Each structure stands twice: as C-alpha cells, then as structure tokens.
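The values are calculated or read from the model by the stated rules, or taken from the named source; none is laboratory data. Just so it is clear, the model here is predicted, and its values are computed rather than measured. Using ideal geometry, Cβ is built from the backbone for each residue, glycine included, and neighbour counts are taken over all protein chains shown. Calculation scope for accessible area: heavy atoms of the full protein, side chains included, ligands and nucleic acids excluded. Shrake-Rupley method; radii C 1.70, N 1.55, O 1.52, S 1.80 Å.
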Amino acid sequence: GAKAEGRRTYRFFVPSMDASAKARLAMEQDLRQAMVNGGFELHYQPLVNLRTSEVSGCEALLRWRHPERGMVSPAEFIPVAEDTGLINELGDWVLRTACSEAASWPSHVRLAVNVSPVQLKCETLALKIAGALAASGLDPCRLELEITEAVLIRDDEAALAILHQLRSIGVRIALDDFGTGYSSLSYLKRFPFDKIKIDRCFVADIAETSGAPVIVQAVVNIASASDMTTVAEGVETEAQREMLRNLGCTEMQGYLFSAPKAASEVRKLFGPSSPRVAAVA
Ligand code: C2E
Ligand code: MG
Ligand code: MG
Ligand code: MG
C-alpha cells in the first residue's frame, strides 16, 4: 500500500541522496582548497577562420587538477561551483588569468571566455571585467564572452542589462552551444549577439546525412542577415570542414585543428603577428 511504498522510498531514496549530498559537499571543500592552492589551470583551444585558415582566437577552458582524482572535467565541477556560488571567485580568476595570457598574443588573436549565468547575475561583473582588461592591457574588442542560452530562457532582465553593460565597454558576446536545450530562434532577438556558436551535435553528421546541413545553413543565413558571425563546434573531420566552408560558416573549432592545449603549446599555432594579409570580405 501507500505506507509500504513510502517506507520503501525512504529506505532506498534518502540514503542515496545523502551519499550524493556528501559527495557534493566534499567536492565543494576540494574546490575551495584548489582556489587557495592553485589547483586550477587554463587550457586554450584555437578558433580557425574557415576562409583564411588563420587562428582567429582561442577559447579558455578551465581544468582542475585534483590531488587524488587527476583531471576533473569542467562538466562535473562547474555545476557544483555554480550551486555554491564559488563560480564567481573562480570566474574572476579565469578572466584575470586568461586576459593576461592573451595580452601577449598577436593582436589578431581574440580571447574567448565562458561566463556562467550565475556570474551574469552579479551587478559588478562589468566592473570586474573592465578591471581584468585594464590590469592586463588587453584591448576590450579582443575579448569575447561566451554565454549559454539559459540566461535568455529564464527571461532574466537583470542579466540582459548586464550584457548590455558589457557590450558598452567594448567586449563581444557569443551565444554558446546554440541549438541545444530549449533553443528558439526568438532568443536571438532579445539580445544582439556578435557570434553564434553552433553546437557540435549539428556538426557531427553534417557531411553524412542530407538533413543536418540544412540546420547549419539556416543558422548561418540568420546570422549573416543579422550581422552575426558563426562558429561550428566540434569539427573533427576534413569533410566537415569542407562542408562548413561551403555553407559560409565563419570559423571552426575542434580536434581536427587542435584540442585544448596548455598556454605554452597553443602559442606555437599562431601565425606571424605582422604583417598580416587582410581577409577579403
Ligand atoms: P563549451 O564552452 O561548449 O566548450 C567546448 C567543449 O567541447 C570543451 O569541453 C572542449 O574541450 C570540447 N571540444 C572541443 N573540440 C571538440 C571536438 O572536436 N570534439 C569533441 N567531442 N569535443 C570537443 P570541456 O573543456 O570539457 O568544457 C566543457 C564545458 O565546461 C564547456 O563547454 C563550458 O560550458 C564549461 N566550461 C569550461 N571552462 C569554463 C569556464 O572557465 N567557466 C565556465 N563558466 N564554464 C566553463
Ligand atoms: Mg564555450
Ligand atoms: Mg560550446
Ligand atoms: Mg558545449
């Protein structure tokens, strides 16, 4: 009956909740420790212009070197950092570290940094970003902030106001993982993005089926009609690259060109900083 059901639920459900709550608490403590002990590092993955084949930017991707578990994926620890509010402090570290690294790159190489929806709730975010730019000497137009559409789905007016503030200090805004979650084209109207990052799920079979390129083509068309550029994520094969080039996608990112690498390694992939042949529009 209902009582037995309830008891069974209690017996089997609560202990496992408890275990996962404990695991999260342990991770939170480990994350705080890593903040103090320098347990984080940034890797950088190039973005490549599809017409010129030149490296046009790099995305900073957070890595956590755990003392016992080795490298822990950001997919695992970012949600915990978001729930506990630690993402604000961690995000500040990412911004300052990445901006000072990118300040020594050739000036045509942009820096992309992921910004969590939680960070976008912080009213001082624009001030912090302006601070990181000033401290590093990085030109604001070389910084591109990647945000996910979660912030638009929640119809978060405060977050949108912060995005407008960020735009006014001269940084660029990219919409990350476009097409995943509860994506709708109407979100593109709520904020004028500079760039759309097409999620790798749309890139995966682009060169194999007849249906997939239609979606990428539609996004590319919408983007160019609204003065936005496009980048395809997760490009792993030459066939995908060729298809994306033909579809008019602006940039690509993926293992085909390079996996995320340590700062000292990624530098080797930059072309000569000057003189540079201007790309034909
Ligand atoms: P994202 O921003 O969409 O980053 C792209 C992810 O795809 C990265 O995973 C990257 O390593 C992976 N990737 C790149 N090329 C390929 C490819 O050709 N094939 C495949 N299968 N995967 C590829 P990563 O580094 O594990 O990061 C996962 C997510 O964690 C990121 O997704 C981003 O949402 C989040 N993240 C990473 N660093 C930060 C950060 O500093 N702050 C915040 N808030 N989130 C971050
Ligand atoms: Mg990203
Ligand atoms: Mg992405
Ligand atoms: Mg992604």
**OP:** Using a Gaussian network model of the chain whose springs link C-alpha atoms within less than 10 Å, name the residue from 144, 41, 238 with the highest mean-square fluctuation.
**Re:** 238
Original post:
How large is log10 I(q)/I(0) at q = 0.18 Å⁻¹ when the Debye formula is applied to the Cα atoms of the range 179-249, each weighted equally and without solvent?
Top reply: -0.65
Original post:
Which helices count as membrane-span-like in the chain under these terms: full DSSP H, at least 15 Å along the axis by C-alpha, Kyte-Doolittle mean of -0.5 or more?
Top reply: 86-102, 125-136, 157-168, 212-225
**OP:** Name the shape class, rounded, prolate or oblate, that the alpha-carbon gyration tensor gives for the range 72-153, where a ≥ b ≥ c are the square roots of its eigenvalues, rounded holds for a/c under 1.5, and otherwise prolate holds if a/b is larger than b/c and oblate otherwise.
**Re:** prolate
**OP:** Using the Cα centre as the reference, give the magnitude of the dipole from point charges on the C-beta atoms of the range 36-150 (Lys, Arg: +1; Asp, Glu: -1; all else neutral), rounded to the nearest 20 debye.
**Re:** 260
Subject >> Amide proton proximity set for residue 114, modelled H, under 5 Å, gap of 5+ >> reply: 60, 146
**OP:** Collect residues whose amide H, placed 1.01 Å from N in the peptide plane, falls under 5 Å from the amide H of residue 57; neighbours closer than 5 in sequence don't count.
**Re:** 47, 110
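Tally the DSSP beta bridges in the chain and give the antiparallel ones as a percent, rounded to 5.
Roughly 40 percent of the beta bridges in the chain run antiparallel, per DSSP.
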**OP:** Over the residues of the range 30-173, compute the C-alpha Rg and express it relative to 2.2 N^0.38 Å.
**Re:** 1.05
Original post:
Comparing 65, 167, 142, which has the greatest mean-square fluctuation in the GNM of the chain with Cα pairs linked when under 10 Å apart?
Top reply: 65
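Tell me, which longest segment in the chain has none of the chymotrypsin sites (Phe, Trp or Tyr not before Pro) that fall in DSSP loops with at most 16 further Cβ atoms within 10 Å?
Looking at the chain, 1-181 is the longest stretch - no exposed chymotrypsin sites (Phe, Trp or Tyr not before Pro) with at most 16 other Cβ atoms within 10 Å.
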Original post:
Long-range amide H contacts for residue 236: which residues qualify at under 5 Å (H placed 1.01 Å from N, peptide plane, sequence gap of 5 or more or a different chain)?
Top reply: 256
Subject >> Solvent accessible area, Å² - residue 226, 1.4 Å probe, full protein context >> reply: 60
**OP:** Hey, could you get me the Stokes-Einstein D for the chain, Kirkwood radius over alpha-carbon pairs, 20 °C and 1.002 mPa s, rounded to whole µm² s⁻¹?
**Re:** 105
